[in-house]
1. What lysines could a cross-link reach from Lys108, if we take a straight Cα to Cα line under 23 Å and drop same-chain neighbours fewer than 8 places away?
2. Using the basic label-point model (7 angstrom from Cα toward the beta carbon), what is the Trp87 to Thr125 distance in nanometres?
3. Round to a whole number: what % of the accessible area of the chain belongs to carbon and sulfur, probe 1.4 Å?
4. Dipole magnitude of segment 1-76 about its Cα centre, charges +1 at Lys/Arg Cβ and -1 at Asp/Glu Cβ only, in debye to the nearest 20?
5. By how many nm would the segment from Val1 to Val136 grow when fully extended, if each residue of separation counts as 0.36 nm and the alpha-carbon distance is taken off?
6. Anything over 21 Å Cα to Cα? Flag those among Lys170/Lys244; Lys156/Lys244; Lys134/Lys170; Lys134/Lys244, in the order listed.
7. Determine the per residue accessible area of the chain with all protein chains present and a 1.4 angstrom probe, expressed in square angstrom.
8. Can you check what the net charge comes to around Gly143, using other residues whose Cβ is under 11 Å from the Cβ of Gly143 (Lys, Arg +1; Asp, Glu -1)?
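The values are calculated or read from the model by the stated rules, or taken from the named source; none is laboratory data. Quantities reported herein were computed from a predicted structural model and do not represent experimental measurements. In this analysis, Cβ positions are derived from the backbone assuming ideal geometry, glycine residues included, and neighbour counts consider all displayed protein chains. Surface areas here come from the heavy atoms of the whole protein model, side chains and all, with no ligands, DNA or RNA. Shrake-Rupley method; radii C 1.70, N 1.55, O 1.52, S 1.80 Å.
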Amino acid sequence: VYDKEGNILWSWHIWMTDQPQEHVYNNNAGTMMDRNLGAVSAVPGDVGALGLLYQWGRKDPFLNAVSMDKQAESTISWPFAVPAYPWNGTIECSVANPAAFICVSYVKDNYDWYYTGSSKEVDNTRWTESGNPKSVYDPCPAGWRVPDGGPDGIWKRAGFDDAVFNDTDKGMSFSISSPSVTWYPASSGRDYHDGRLGSVGWDGDYWSASTHGIYAYTLYFNSLHLVPDHYSHRIEALAVRCAKE
């Protein structure tokens, strides 16, 4: 949607995929989608299962790799990464420039694309935890939201005792209540320095709506480690797996 001068006022991402299935996690932790936000598949090993990547608190996605086993960029281009300064590290600028990756500036930086002018001050309202109204910047579709994370989040409460990383499928399988297994691709993310893709096929890092100081909690895994209450810089672009409201 544009104003009469041609400035973007709002934008939408139309997600074309099969109807996502509901996966019920152990210990009454909650219900999650069977696929990543933006994914066109839930099949282990399928590049279409990677989905899209989001900076914490932004509604607009960034593209992931076109291969499961390397940093293969899409041929679709968008504007270069821009540093988070007072004039562009804002909600207004992010909405008006949905394809711009707002990267670290190191000027009083809190490693967030949202500029506050302080290395310690952050804004926690862009995405919200369950129990609070869903934010308009939450990228999950109606009936779903970015999940709670951290010590009381869905991944920590679910246990994930039988987690298995599969080098062939490039992802991790978790034992859940219904169906018996869910799968997360090693979708990696985009680096806060310049928006470049990380180690796709080697690790997975999934945003929650829960914050931890200047960080936000994530689910992180690779072939050696599983950390359900990990945390990352909010300026990074990571995958999202939506929780049912």
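1. The reachable lysines, counting only those whose Cα sits under 23 Å from Lys108, are Lys120.
2. Spacing of the two 7 Å Cα→Cβ label points: 2.6 nm.
3. 52 percent
4. Details: 5 positive and 9 negative charges, 30 e Å.
Dipole about the Cα centre, nearest 20: 140 debye.
5. Result for the pair: 47.0 nm of gain on full extension.
6. Lys170/Lys244; Lys134/Lys170
7. Working: 11400 Å² over 245 residues.
Accessible area per residue: 47 Å².
8. +1
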